[in-house]
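**Q** To start, I am sharing the structure in question, which I have written as structure tokens.
The values are calculated or read from the model by the stated rules, or taken from the named source; none is laboratory data. Note that the structure is predicted; figures quoted are calculated from it, not measured. Counting neighbours? That spans all protein chains shown, and the Cβs are built from the backbone with ideal geometry, glycine included. Quick note on the areas: whole protein, heavy atoms, side chains included, nothing else; ligands and nucleic acids left out. Shrake-Rupley method; radii C 1.70, N 1.55, O 1.52, S 1.80 Å.
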Amino acid sequence: MNCIKHLAVTLAATFVLTTVVSAEDATPAATLPPAASKTGVTYATDIKPIFDASCVKCHSGDRPKARLKMDSLEGVLKGNKDGKIVTPGDSANSVMIKAVAHLTKEPEGWMPPPNNRAGIKPLTPEQIGLIRAWIDQGAK
């Protein structure tokens, strides 16, 4: 009987641990807008217009915020003072997507920032989906 209790406790603990880990892993991806279904997404045609309207005002010039230049493909792929913000082929784990989807742990990392002086609105789910598609297709 003692062996059965031990087995039951082990199974219950395994179930709880698996459920907690799965819930933690699923939360960010479950709240991200899906990647757009459009194929052949390019920086020049599809993504630069979004960045020009929502990012370049603060992330360009001689002193870009966070040392991140978003006015060129090279600048975006280079990243910022903390490292790369785009993981080509993996939008769900790209820092940029977490920032524009407002999924970073701290609101200071949300882009564009809420209530910013420039009055720039958050990206729409469609814009985030297009950026995701671009990243998933290799960020070219």
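**Q** Give me the pairs, please: first residue somewhere in the range 64-85 and in contact (Cβ under 8 Å) with a residue 60 or more places away in the chain, second residue anywhere and assigned to a loop (DSSP other than H, G, I, E, B) and open to solvent by 20 Å² or more (accessible area, probe 1.4 Å), beta-carbon distance under 6 Å, and either six or more positions apart or on two chains.
**A** Matching pairs, first to second residue: none at all.
**Q** Search the range 95-140 for residues being of a type in the set (Gly, Ala, Ser) and open to solvent by 20 Å² or more (accessible area, probe 1.4 Å), and hand back the single one that is nearest to residue 81 (Cα to Cα).
**A** Looking only at the range 95-140, we keep the residues that are of a type in the set (Gly, Ala, Ser), and these are 99, 101, 109, 118-119, 129, 133, 138-139.
Next, only the ones that are open to solvent by 20 Å² or more (accessible area, probe 1.4 Å) stay: 101, 109, 118-119, 138.
On the way: 101: 21, 109: 14, 118: 23, 119: 25, 138: 22 Å.
Looking at residues that are of a type in the set (Gly, Ala, Ser) and open to solvent by 20 Å² or more (accessible area, probe 1.4 Å), I get 109.
**Q** On to the next question. Would you mind finding the one in 4, 50 that is at pLDDT 95 or above, among the aliphatic types (A, V, I, L, M) and part of a helix (DSSP H, G or I)?
**A** One residue alone meets the criteria, 50.
**Q** Please verify whether residue 108 is out of contact with any Asp or Glu (no Cβ under 8 Å at 6 or more places or on another chain), at pLDDT below 95 and not small (Gly, Ala, Ser), treating the condition exactly as stated.
**A** Considered against the rule, which asks whether it is out of contact with any Asp or Glu (no Cβ under 8 Å at 6 or more places or on another chain), at pLDDT below 95 and not small (Gly, Ala, Ser), residue 108 comes out as yes.
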